[in-house]
Amino acid sequence: PGSAFESDFASIDPLPAPPGTATILVVDDTPANLSLMSKLLRDTYRVKVANSGERALDIAQSGTPPDLILLDIAMPGMDGYEVCRRLKGEAATQDIPIIFLTAMADVENESMGFALGAVDYISKPFNKTVVKSRIRVHIQLKRQSRLLENLVFVDTVTDVPNRRALDQVFEQEWA
């Protein structure tokens, strides 16, 4: 059995899948929109769909969370803003990039989306090329961010957590 130190680092999540194998969660209450986005993205990404905010949270908090979420705002029950709020409020999901993909195109809604932690905001109707490009960019940014984190906390020669990682664990444990 490993030491307590090793088990603390077992929870460091792996790098997101590179483009071509990344998982995109599409959240919309309209079946036609889910189908359209699935068809648009399935040749490049693994696509999961959710027709409600509650289902989106279940998928995002599962053992295999998505690499990026495309999220509608106007949904019955839990709206996209509340889904975003909850995801950004949980340590396990706060780093998942969220792109709002919605018909709500006014400045107030766009500003609210960014204030809640979205990385992008795309208004419907949308240009397919623009959507695919923005997804690709945010997947790449997430991957680069994770690589930088690994360089900061893991020794590149031994692939063992370094002093910074140890300091971070001690800070969390003794806080």
The chain, relative contact order in percent, only Cα pairs under 8 angstrom and at least six apart counted: 19 percent
Dimensionless Rg/Rh of the range 76-169, both radii on Cα and Rh by Kirkwood, sits at 1.10
Keeping every protein chain present and rolling a 1.4 Å probe, give me the accessible area per residue for the range 99-175 in Å². 66 Å²
Please name which of SER145, SER133, PHE100 has its Cα lying farthest along the dipole of the range 72-175 towards the positive end, using unit charges on Cβ (Lys, Arg +1; Asp, Glu -1) and the Cα centre as origin. SER133
The correct ranking of MET78, MET112 by accessible area at 1.4 Å, largest first, is MET112, MET78
Accessible surface ranking that places the most exposed of LYS39, LYS48, LYS142 first, with a 1.4 angstrom probe: LYS39, LYS48, LYS142
Please report, in debye to the nearest 20, how large the charge dipole of the range 89-175 is about its Cα centre when each Lys and Arg carries +1 at its beta carbon and each Asp and Glu carries -1 there. 620 debye
Divide by every residue of the chain the summed helix terms, -39500 (n - 2.57) for each DSSP H run of at least 4, and state the resulting mean residue ellipticity at 222 nm, rounded to the nearest 500 deg cm²/dmol. -14000 deg cm²/dmol
Residue separation between ALA105 and GLN61 times 0.36 nm, minus their alpha-carbon distance, gives in nm 13.0 nm
Out of the total accessible area of the chain (probe 1.4 Å, heavy atoms of protein only), what percent is carbon and sulfur? 55 percent
Values of log10 I(q)/I(0), in the order q = 0.16, 0.20, 0.24 Å⁻¹, for the range 25-118 under a Debye, Cα-only, solvent-free model: -0.59, -0.93, -1.32
proj_area_mean for the chain (convex hull on C-alpha atoms), units nm², value 11.7 nm²
Enter the accessible area per residue of the range 19-98 (Å², integer; probe 1.4 Å; all protein chains in place). 44 Å²
Count the lysine pairs in the chain whose Cα atoms lie under 16 Å apart, taking only pairs 8 or more positions apart in sequence or on different chains. 7
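The values are calculated or read from the model by the stated rules, or taken from the named source; none is laboratory data. Just so it is clear, the structure is predicted and the values come from calculations on it, not from any experiment. Heads up, the Cβs are rebuilt from the backbone with ideal geometry, glycines too, and the neighbour counts pull from every protein chain shown. For the accessible areas, the whole protein counts, side chains as well, though only heavy atoms, and no ligand, DNA or RNA atoms are used. Shrake-Rupley method; radii C 1.70, N 1.55, O 1.52, S 1.80 Å.
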